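Q: Starting off with a structure, shown below.
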Amino acid sequence: MTKLPQFHAAKWDEPVVMAMGRPGARGQLFPSPEPEVMDAAGPAPIPAAMVRRDRPDLPEITEFEAQRHYLHLSQMTLGMMGVSLFGTCTMKYNSKTSEFATWRPELAEVHPYQHPDTLQGVLSIIHEFDTILRSLSGMDQFVFQAGGGADAAYTMTAVARAYWADRGLLGQRTEMVTTIQAHPCNPATAAAAGFRVINLPLEENGYPSLDALKAAVSDRTALIMLNNPDDMGIYNPEITEWVKAARAVGALCFYDHANFNGVMGKLSARELGFDACMFMLHKTFGAPKAGGGPAVGAYGCTADLAPYMPAPIVTRTCDVYALDEGRPKSCGKIRELWGNVPQVVKAWAWARAMGAEGIQTASDISVVANNYMDHRLGQIPGLAKSNPGNRQRRMEMTRWSLGPLHEETGIGTVEFANRMADYGIDPWWMSHEPWIVPQPFTPEAGELWSKDDIDRWIDVVAQIAKEARETPDLVRTAPHNQPIAQVKGAVFDDPAQWAMTWRAYLRKRAGAGAGAGAERGAA
Amino acid sequence: MATSHPSQRHPHPRRAHPWMANSAPGVLEGMLAEIGAASVAEVFEQIPESHFRKAPLDLPPQLASEMELKRELVTRLKRNANCEDNLSFLGAGVWQHHVPAIVDEIVGRTEFATNVWGSYQSDHGRNQAWWEFQSQLGALLNLDVVQLPVYSWGCAIGHAIRMAARLTCRAKVLVPALSDPERLSVIRTYCQPAGMAGAIEVVLVAADPTTGRLDLSDLRAKLGPDVAAVYFENPAYLGTIETAAADIRRAADTLREVLK
Ligand SMILES: Cc1ncc(COP(=O)(O)O)c(C=O)c1O
């Protein structure tokens, strides 16, 4: 066993920024416009009907106070600076070299409507990255407009609509077929795009049977959307038969390649028969997503589908890069403009820094490391692997269950997650819905973490399992070493107890207590 | 399984990679020994042999050293002309802003700028920063409910329109004819093509050619009990101020009655 980490998070006992400062204090001053501008704009540039009468109730603090407050917040954020084996999200090193490069004026201060001749640098990066993804997937064209993995799935549904509309069959091809083990964004985006969703249940091997798929697809199927391997770490070995069955009825086949890390350089979506796929650049390709984005879902497809992609596409002719907006069959925009370009640049930098050799090594490491982790987790009493009937080695992550330990001690996956934070370890990912095993958790080692990091993580899990048996209240009441106490989920059912803004908080608190009238009047 | 397995066609790395701790010599072999696997190929046993890719990877040369990577990044990016060296009045949804230096410091903090999502137990600071962001927008907008940003301006409109359609059980939205074409295209994507079960019809409201504002008579003519929402912007797409916002609101309000 490695030495268990001694950890305590920073805790700055200060109010939220909305309650800070003093009237009239300023963190930024703005120069007044030049006299010529003032003259041209006139005394009242905003017409009276639209002028705001009240002043926004914003914090009035100095520049230093703003800096200090937000640095305190960053210090109260673990942000994977311990060990995070957060499955389904593939934790990577996010290179500062590429981060800082994207802050340079040559990228941060360019405009997408500049003439492409003045943007050859960034266009060459986007184009080269497109060719890198083509090689990794076998597809013919990529586009980076989608703002995340789910948005790339949505891109697929929009492309499918345009494809079927072009054939006059949109009224007939109304269904999307997937499995309950696909990421929820697949059925959700298909439904948002207007398709009826058919969700296949899993069978004993951990995936639906080929017969179930064959029964579900027909001349009404517009497309199928699949990920493989799935979050259990199980690879559906019948995937090529699935694709054949779908293609036999004319349906399009989309590969959600979010779980690409373990198969990078090993599988080609195209060779498996898929028409299109997506990669998450903020996951597999080393771009940070900073919690909630900006992110990029790279969408790629065959030449047959390429005319239906959202525009613009970056093209290259005789070493000159250009933007192709004139695509008459295009499905239309998924988002405005080109996508989150700084993230594309970081992903390109990741792929260049890794190279073919590094990418292959990374997938080797991530699958070997996950199997090493499985091996060690299997020795902790009370933990159970999903699909015990499948005795083959798992891919880059494995769905585990705390079911037996929970039955024995009453301590489950949420309590574990709370307690992990006390050791400076990011709480684990549990599972997407539906929970297929009781008390699930899903670790993924990836290629970033050292064997020592992985050992430390497992030792913490073993320690919490021990605590669950010996000092369960310690676990039940965790976290203890974090800036906040345990979040009680039940309050989210009662709108009187939560607020999404300081305004709402003041109003609800005033409504609940004395002096309600006065405060409400002020708000 | 032999080492000629398709998962093993690539050469072994000659040197450890700075971004992969377990690429140091011997580590992988150590883990394989502990799990009782004879080779890396063995851990890929779920994948049928015929599924492994046949086309070799064809990627540009590796830039494993930070020095090479930085040189390539900077060389390429310098081929862009930028709006710091050149005066630019390009806008249409992307405007040059002054960004306070401490913003760069804060958003660059590695605790924030990683690919972790951020559990509430461990990342309280991130969650508080988000909540404060919502609160400050709430103060600017005088709104009680503000969420974290969605993908883009057009996507936010798309979500709002689909919500309005669900709330009202109506399938038509009025949008200014003088709209950013990119945004309008995103709106159409969200509204689905005509003929689909969930399609929402996008009807364009004419602009007053002299002021750029919405043509109120055209608006009134198109407003009917089948309209789920009216969308307009301030400032409008061409930079004018829509002074009749209250009138537009009142016109739309008359339709709310129908809902009750
Ligand atoms: C398999 C899979 N598909 C799609 C997504 C959605 O990606 P995003 O969160 O970028 O929208 C995820 C997210 O982790 C995923 O694991």
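Q: Among what's in the range B:60-95 and is more than 7 Å from every other protein chain (Cβ to nearest Cβ) and not hydrophobic (A, V, I, L, M, F, W, C), pick the residue that is most open to solvent (accessible area, probe 1.4 Å).
A: Taking the candidates together, the pick is B:ARG71.
Q: Follow-up. Give me a count of the residues in the range B:182-204 that are at the interface with chain A (Cβ under 9 Å from one of its Cβ atoms) and more than 17 Å from A:PRO310 (Cβ to Cβ).
A: Residues in the range B:182-204 being at the interface with chain A (Cβ under 9 Å from one of its Cβ atoms) and more than 17 Å from A:PRO310 (Cβ to Cβ): 5 in total.
Q: Can A:VAL110 be described as modelled with pLDDT of 95 or more, part of a loop (DSSP other than H, G, I, E, B) and closer than 25 Å to B:HIS98 by Cα?
A: yes
Q: Further, regarding this structure: Got a number for residues in the range A:167-191 being on the phi < 0 side of the Ramachandran plot and either among the hydrophobic types (A, V, I, L, M, F, W, C) or away from the ligand (no atom under 13 Å from the Cβ) (or both)?
A: The qualifying residues number 16.
Q: Return only the number of the condition from (1) open to solvent by less than 60 Å² (accessible area, probe 1.4 Å); (2) at the interface with another protein chain (Cβ under 7 Å from one of its Cβ atoms) that A:PRO5 does not satisfy.
A: Exception for A:PRO5: condition (2).
Q: Looking only at the range A:264-280, count every residue that is in a loop (DSSP other than H, G, I, E, B), more than 10 Å from every other protein chain (Cβ to nearest Cβ) and within 16 Å of the ligand (Cβ to nearest atom) and tell me the total.
A: Going through the range A:264-280 one residue at a time, the tally reaches 1.
Q: Then there's this: Considering only residues of the range B:108-146 that are touching a helix residue (DSSP H, G or I) at 6+ places or on another chain (Cβ under 9 Å), open to solvent by 70 Å² or more (accessible area, probe 1.4 Å) and facing chain A (nearest Cβ under 7 Å), which is modelled with the lowest pLDDT?
A: Taking the candidates together, the pick is B:TYR120.
Q: If a residue has to be within 11 Å of the ligand (Cβ to nearest atom) and among the acidic types (Asp, Glu) to count, how many in the range A:283-304 make the cut?
A: Within the range A:283-304, residues that are within 11 Å of the ligand (Cβ to nearest atom) and among the acidic types (Asp, Glu) number 0.
Q: Let me ask something else about it. If I filter the range A:89-146 down to residues being small (Gly, Ala, Ser) and within 16 Å of the ligand (Cβ to nearest atom), which single residue comes out as farthest from the chain's Cα centre (by Cα)?
A: A:SER137
Q: Also, quick follow-up: Report the residue count in the range A:467-509 for those that are touching a Leu at 6+ places or on another chain (Cβ under 9 Å), aliphatic (A, V, I, L, M) and over 26 Å from A:MET18 (Cα atoms).
A: 1
Q: How do the pairs read when you match residues in the range A:484-511 that are farther than 27 Å from A:ASN418 by Cβ with residues anywhere that are at pLDDT below 95 and not in a loop (DSSP other than H, G, I, E, B), using Cβ under 7 Å and keeping only pairs 6 or more apart or on different chains?
A: Between residues of the range A:484-511 that are farther than 27 Å from A:ASN418 by Cβ and residues that are at pLDDT below 95 and not in a loop (DSSP other than H, G, I, E, B), the close pairs are A:LEU506/A:GLU519; A:ARG507/A:ARG520; A:ALA510/A:ALA516; A:ALA510/A:GLU519; A:ALA510/A:ARG520; A:GLY511/A:ARG520.
Q: Keeping to the range B:201-232, report how many residues are among the aliphatic types (A, V, I, L, M) and either without any contact (Cβ under 8 Å) to a residue 24 or more places away in the chain or assigned to a helix (DSSP H, G or I) (or both).
A: 3
Q: Taking A:ASN387 and the conditions (1) over 22 Å from the mean Cα position of the chain (by Cα); (2) within 22 Å of A:TRP457 (Cβ to Cβ); (3) not in a helix (DSSP H, G or I), which numbered condition does it fall short on, given that it satisfies the others?
A: Just one mismatch for A:ASN387, condition (2).
Q: Could you run through the range B:163-220 and say how many residues are open to solvent by 60 Å² or more (accessible area, probe 1.4 Å) and of a type in the set (Gly, Ala, Ser)?
A: Within the range B:163-220, residues that are open to solvent by 60 Å² or more (accessible area, probe 1.4 Å) and of a type in the set (Gly, Ala, Ser) number 4.
Q: A further question on this structure: Here is a list: A:ASN261, A:ASN227. Which entry is within 16 Å of the ligand (Cβ to nearest atom) and open to solvent by 10 Å² or more (accessible area, probe 1.4 Å)?
A: A:ASN227
Q: Condition check: within 14 Å of another protein chain (Cβ to nearest Cβ), within 16 Å of the ligand (Cβ to nearest atom) and not charged (D, E, K, R). Does A:VAL320 satisfy that?
A: Judged against the criteria, A:VAL320 is not a match.
Q: Residues of the range A:310-325 being open to solvent by 10 Å² or more (accessible area, probe 1.4 Å) and out of contact with any Ser or Thr (no Cβ under 7 Å at 6 or more places or on another chain), which ones?
A: A:PRO312, A:VAL314, A:THR315, A:ARG316, A:THR317, A:CYS318, A:ASP319, A:VAL320, A:LEU323, A:GLU325
Q: Take the conditions open to solvent by 30 Å² or more (accessible area, probe 1.4 Å), of a type outside the set (A, V, I, L, M) and in a helix (DSSP H, G or I) and apply them to A:THR131. Does it pass?
A: Criteria met by A:THR131.
Q: A further question follows. Would you mention how many residues in the range A:420-467 are assigned to a loop (DSSP other than H, G, I, E, B), more than 13 Å from chain B (Cβ to nearest Cβ) and among the charged types (D, E, K, R)?
A: The number of residues fulfilling the criteria is 1.
Q: So for the range A:93-107 (the condition being under 29 Å from A:ALA417 (Cα atoms) and in contact with a Lys or Arg (Cβ under 8 Å, 6 or more places away or on another chain)), does at least one residue qualify?
A: Yes, the range A:93-107 contains at least one residue that is under 29 Å from A:ALA417 (Cα atoms) and in contact with a Lys or Arg (Cβ under 8 Å, 6 or more places away or on another chain).
Q: Still on this structure, please answer the following. Give the number of residues within the range A:113-127 that are in a helix (DSSP H, G or I) and either more than 7 Å from chain B (Cβ to nearest Cβ) or open to solvent by 40 Å² or more (accessible area, probe 1.4 Å) (or both).
A: Of the residues in that region, 6 qualify.
Q: Quick one: how many residues across the range A:40-67 are surrounded by 12 or more Cβ atoms within 10 Å (Cβ to Cβ) and in a helix (DSSP H, G or I)?
A: Residues meeting the conditions: 6.
Q: Which of the residues that make up the range B:43-59 are over 30 Å from the mean Cα position of the chain (by Cα) and at the interface with chain A (Cβ under 7 Å from one of its Cβ atoms)?
A: Those that are over 30 Å from the mean Cα position of the chain (by Cα) and at the interface with chain A (Cβ under 7 Å from one of its Cβ atoms): B:VAL43, B:PHE44, B:GLU45, B:GLN46, B:ILE47, B:PRO48, B:HIS51, B:PHE52, B:ARG53, B:LYS54, B:ALA55.
Q: Taking A:PRO33 and the conditions (1) more than 9 Å from chain B (Cβ to nearest Cβ); (2) open to solvent by 80 Å² or more (accessible area, probe 1.4 Å); (3) not aromatic (Phe, Trp, Tyr), which numbered condition does it fall short on, given that it satisfies the others?
A: (2)
Q: Would you call A:PRO307 within 11 Å of the ligand (Cβ to nearest atom), surrounded by fewer than 24 Cβ atoms within 10 Å (Cβ to Cβ) and not aromatic (Phe, Trp, Tyr)?
A: no
The values are calculated or read from the model by the stated rules, or taken from the named source; none is laboratory data. If you're wondering where the values come from, they're calculated on a predicted model, not measured in any experiment. Backbone-built Cβ (ideal geometry, glycine too); neighbour counts: all protein chains shown. All accessible areas refer to the heavy atoms of the entire protein, side chains included, with ligands and DNA or RNA removed. Shrake-Rupley method; radii C 1.70, N 1.55, O 1.52, S 1.80 Å.
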